[in-house]
Amino acid sequence: MSRKVLLIEDEPNIAEAIRFLLTREGWQVETHGDGMDAVQVIQDAKPDLVILDVMLPGKNGMDILRDLRELEDMQNLPVLMLTARGQSRDREMAENAGVSRFMTKPFSNAEVLTAVRDLHAQASRL
Amino acid sequence: MATLNVLILVCLGYVVLLFGVAFAADRMAAAGRGKWLRSPLIYTLSLSIYCTAWTFYGAVGNAARSGLEFVTIYLGPTLVMVSWWWGLRKLVRIGRSQRVTSIADLISSRYGKSNTLAVCVTILAVLGGTPYIALQLQSITLSFSIFAEADPSGLYREGSSVFWVAAGLAMFAILFGTRNLDANERHHGVVTAIALESVVKLFALLAVGIFVVWGVAGGIGPMMDRIDASEIGQWNVDAGRWTTFIFLSAAAFVCLPRMFQVMVVENDDEGHLRTAAWAFPLYLLLMSLFVVPIAVIGLDLMPEGSNPDLFVLTVPLSQGNDWLAMLSFIGGFSSATSMVIVTAMALSTMVSNHLVMPIWLNMQEGSGSVSGDVRNIVLLARRVSIAVIMALGYFYYSLSGGGTALASIGLVAFAGISQILPALVGGLFWRGATRTGALVGLSVGFVLWIYTLLLPGMGAAWMPETVLQNGPFGLGWLRPQALFGIEGIDPMVHTVMWSMSLNTIAFCVASLLSFPSPLERLQGAQFVNVFDHSAAPRGWTGSVAQSEDLMIMTQRILGAGPAQEFFQSEAEQQGGRSRLPEPTPGFLERLERELSGSVGAATAHAMIGQIVGGSSVSVEDLLAVADESAQMLEYSSQLEVKSAELSRTARQLREANTKLTQVSEQKDSFLSQVSHELRTPMTSIRAFSEIMRDTQGLSAEEQTRYAAIIHDEALRLTRLLDDLLDLSVLESGQVNLNMGDDSLRSVLDRAVSSALAGTDQQLSVRRSLISERIPLHTDLDRLGQVFINLISNAQKYCDAAEPVLTISAHDVGGQVVIDFTDNGSGIPPEAQSMVFEKFARVGVDKVGGAGLGLAICREIMQRLGGEISYLPGQGGAAFRISLPLAYRQAAQ
């Protein structure tokens, strides 16, 4: 069974690093760099996991997550959020918006891999 | 022959009697007994102080010299009493309701409580009154001297006797005239004493008359024959002089301070006037009854050259009737003393109230508040005033030498005091009369009186003969006794005609031209409508005249604008026939409601009730209420100002707070931006360095690529830190400018080559090298930094297929203006205002920069004294840099 992750990140270098990591883990990685149409892209791609940046052009990650959680079939989709702002207020906001895991940039690659594995395992159990 | 010593004894006895009567009357009044003290009879008799020694002795003298003309002096007051008693009643009513203390007070009160007017009237009264007092003293002296001639052995000294008489009269006036302060408390002692004196003088004159007719002439028949035979009996009437004298005596009867004192101030009951209206003319008739017989017999009996003014004394003496002569002397003495006492009292009230007290109060103002013991000060002022007035009379008598100069002074004084008449009568009957009018009229009359009558009468020392003959400075039409070239008139008639007519005209014209103050208008209404105001309440009805009062009152409370608006709208509702609405019940109700808003319901009702219905509230109370409300309004408007200030402060605080919050938010957002901009390259660096460390078997390509990414991101990080530091230095203002001289052209040359070095993109830069030959004196590196930033931006963001940047330079009015315009799609309008803000990156694509470049440019240009701005509507993105040339000159 092929696992698909959708990476929404506008920094091409970061996106490339994550793609490298997850591809080696056996994930099928799709990337998208714009916030504006992100919700639609997620709906269309039907990924097993979403990695979401916060500071995105067009629409920020918090709003995308909020809108996503309003959709019926997106309640349980695991979303790993990455932010470079790293203020405690952001973590709160993200939790209220329904985030599955929240990580601050810069992250260690091991952390990201662990988080992706955990989230996938939780989602598979359901 | 009666000895002089007996006379002096009788005199002293008489004075003691007067003291006794006055004392007893005061005691009785104080004890609440003695209703007869307030009887119409006493009132009428007290009015008889009109008949002074001048009348007592002078009437006979006058008759002996000028025939029947003396009658005019009696006819004036008689006419007033008989035909104008309603006017007097008004005067008395006003005097009582306004608590008037003197004629000066009345005039001042009528014209808005003007002390200036009061001072004028007081001075006029003192000027007219002093010679009059001297005249009384002279009459006493003359009558004394008659007895002294008859008794050379006596102890009589003319000068000293006058002094003692004056001193005694002053004492009497002080003792009985200044016992209490309130004008509403009457001087029963004085009034009773002068009533007694009136009886004495009438009795004395009648006794002499009866003696002359029946004792000397031998009955009425022979007397009539003798009168027919003499010149006096001839009906020889000079119409001008008669009219003038009747008018004068009538005017003086109303205006003289002493008459005002007994008639108005001492009046207990308006009803007494009804009695006086017939009793006083009767008294005058009796006084004049025997004047002609005494004069005729005197002329017959007495030797040529004897003074006819003293016939009343000398005729009985010559017939050996010493006791009658003594009675006659006492009569004359009574006339003189009563006049002097009342005049001194009346004048002292005026002097102390209108001259001394204002000055004293003014002096007190400087030294804190007025002490509680004003009463004693006022009393002291009155007593001193009495003494001073008596002293003035005494000195006037001494200086004038007691000669014939005094003889006509009575009429002169009448003419002077009559100048008050227009202001008085106008004030009683004409609401349009104003303070200015009164002042102007009074001044005109006063000056004319002095110039045409008083000064010429005082002799050549005061009025040189040449002025009398040719006028001042040779101006013939200004001759004192022939003003405007009208000659040949009797001086007295001349003066009265001109002074009274010009006084009246000036009074009317000035009144019409000037505007009264609210207090004046209210007092005017109070005076003119005194009977309406004190009439029984009539409910809410009234006349248009009352509407005017209501208007004035409303203006004081609501302010002129709103009051006029209200009245106008009411008048329009009523059909708009007149400017003011009729005071209908509906209107009054609405007005009351309107006023209630400002002064409260009870006060509003009382106010309207006062004007329309007549209530017990006095105008003063009303004005006090109005002033209070004005103060309240002022206070509340002050509060409004305060509260406006407070809310302004609150708003400012709110604004400051908002600003602080904004600044704090900006700082937070800046920090979070900085954090983001730092963390992003660090994330890449960390991720790829971990990949390179942890991943086995990376291809050489991959290794090279990832190392390059790490390198780029590290450079990005360095640039960002450089920019942040640069911006922080610029913003803190601690930047050191490194000034240098070069041409714009070479600065641009360096900037272009630096910006385009090491890039693969082909941005063509178009320049106009000729126009760039502008010398600059500035920080060349900083300016270059700005240029590089702009060129790099064009290179990064210009989205045209063949990007072109045009740089043009002009020298515009002392400024270098350099425009950088590219041919891309430009910056969207909504973002244009943002481009110079920190981290304000426009557009989706990230091309290296952190968004601090333009913010730095703005700071640099500010430091260089220039400006950078975005030029909208130029096709592509266009920035304008302007730099003052003056900066160069200033720096040198």
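The values are calculated or read from the model by the stated rules, or taken from the named source; none is laboratory data. Owing to the predicted nature of the structure, the values given are computational and were not obtained by experimental measurement. Virtual Cβ from ideal backbone geometry, glycine too; neighbours counted across all protein chains shown. These accessible areas exclude ligands, DNA and RNA; they are computed on the full protein's heavy atoms, side chains included. Shrake-Rupley method; radii C 1.70, N 1.55, O 1.52, S 1.80 Å.
For B:R89, tell me the accessible area in Å² from a 1.4 Å probe, rounded to the nearest 10.
80 Å²
For A:V99, what residues show an amide H to amide H distance below 5 Å, using hydrogens built from the backbone and excluding near sequence neighbours?
Excluding prolines and chain starts, which carry no amide H, there are no hits.
Can you give the charge dipole size of the stretch B:634-717 about its Cα centre, rounded to the nearest 20 debye, using +1 on the beta carbon of Lys and Arg and -1 on the beta carbon of Asp and Glu?
240 debye
Using only protein heavy atoms and a 1.4 Å probe, how much accessible area in total is buried between B and A, to the nearest 100 Å²? Spell out each step's value before the answer.
On the way: alone 40980 and 6910 Å², together 45780 Å².
About 2100 Å² of accessible surface is lost on pairing.
Work out from phi, with θ = phi - 60° and the Karplus expression 6.51 cos²θ - 1.76 cosθ + 1.60, the ³J(HN,Hα) of each residue of the stretch B:734-740, listed in order in whole Hz, and give x for Gly and Pro.
Once θ is set to phi - 60°, the couplings for the stretch B:734-740 become 8, 7, 9, 7, 10, 6, x Hz.
Per residue, how large is the accessible surface of the stretch A:3-125? Use a 1.4 angstrom probe and give square angstrom.
44 Å²
What is the sum of charges around B:I389, taking Lys and Arg as +1, Asp and Glu as -1, for the other residues whose C-beta is under 14 Å from the C-beta of B:I389?
So the environment of B:I389 carries a net charge of +3.
Taking the alpha-carbon distance from B:K659 and a cut-off under 16 Å, which lysines remain once sequence neighbours fewer than 8 residues away in the same chain are dropped?
B:K659 reaches B:K667.
Just need the relative contact order of chain A here, percent rounded to a whole number, with Cα pairs under 8 Å and 6+ apart.
In percent, rounded to a whole number, it is 22.
For A:K4, give me every one of the lysines with a C-alpha distance below 21 angstrom, ignoring sequence neighbours fewer than eight places off in its own chain.
A:K46
Is the C-alpha gyration tensor of the stretch A:66-126 telling us rounded, prolate or oblate? Criteria: a/c under 1.5 is rounded; beyond that, a/b larger than b/c is prolate, otherwise oblate.
Numbers: a/c = 2.75, a/b = 1.14, b/c = 2.41.
Note, shape of the stretch A:66-126 comes out oblate.
Could you pull the accessible area for B:R858 with a 1.4 Å probe, rounded to 10 Å²?
Counting only protein heavy atoms, the figure is 80 Å².
Does the stretch B:634-717 classify as rounded, prolate or oblate by the C-alpha gyration tensor (a ≥ b ≥ c root eigenvalues; a/c under 1.5 gives rounded; else a/b over b/c gives prolate, otherwise oblate)?
Prolate, since a/c reaches 1.5 and a/b exceeds b/c.
Using amide H atoms built in the peptide plane, which far-off residues or other-chain residues are under 5 Å from A:T31 H to H?
HN-HN under 5 Å from A:T31: A:L7.
Taking a ≥ b ≥ c as the square roots of the eigenvalues of the Cα gyration tensor of the stretch A:3-125, is the shape rounded (a/c under 1.5), prolate (a/b larger than b/c) or oblate?
rounded
Bin width 10 Å, origin at 0, all Cα-Cα pairs of the stretch B:739-891: what percent of pairs per bin?
Per 10 Å bin, starting at zero, the Cα-Cα P(r) for the stretch B:739-891 comes out as 11, 43, 36, 10, 0 percent.
Would you pull out the residues with amide H under 5 Å of B:D779's amide H, same chain only if 5 or more places away, H placed 1.01 Å from N?
B:G740
Considering the dipole of the stretch B:634-717 built from charges on the beta carbon (Lys and Arg +1, Asp and Glu -1) around the Cα centre, which of B:L671, B:T683, B:A656 is farthest to its positive end?
Farthest along the dipole direction, towards plus: B:A656.
In whole Hz and in residue order, list the ³J(HN,Hα) couplings for the stretch B:280-289 that follow from phi through the Karplus curve 6.51 cos²θ - 1.76 cosθ + 1.60, θ = phi - 60°; x for Gly and Pro.
For the stretch B:280-289, the Karplus curve yields 5, x, 4, 4, 4, 4, 5, 4, 8, 4 Hz.
How big is the accessible area of B:L285 in square angstrom, nearest 10, if you roll a 1.4 angstrom probe over the protein chains?
100 Å²
Under the Karplus relation 6.51 cos²θ - 1.76 cosθ + 1.60, θ = phi - 60°, what is the ordered set of whole-Hz ³J(HN,Hα) values for the stretch A:18-27, x standing for Gly and Pro?
5, 4, 4, 4, 6, 4, 5, 7, x, 8
Checking the cross-link filter: which aspartates and glutamates have an alpha carbon closer than 13 Å to that of A:K105, excluding same-chain neighbours under 8 positions apart?
Cross-link targets: A:E9, A:E11, A:D53, A:D90, B:E677.
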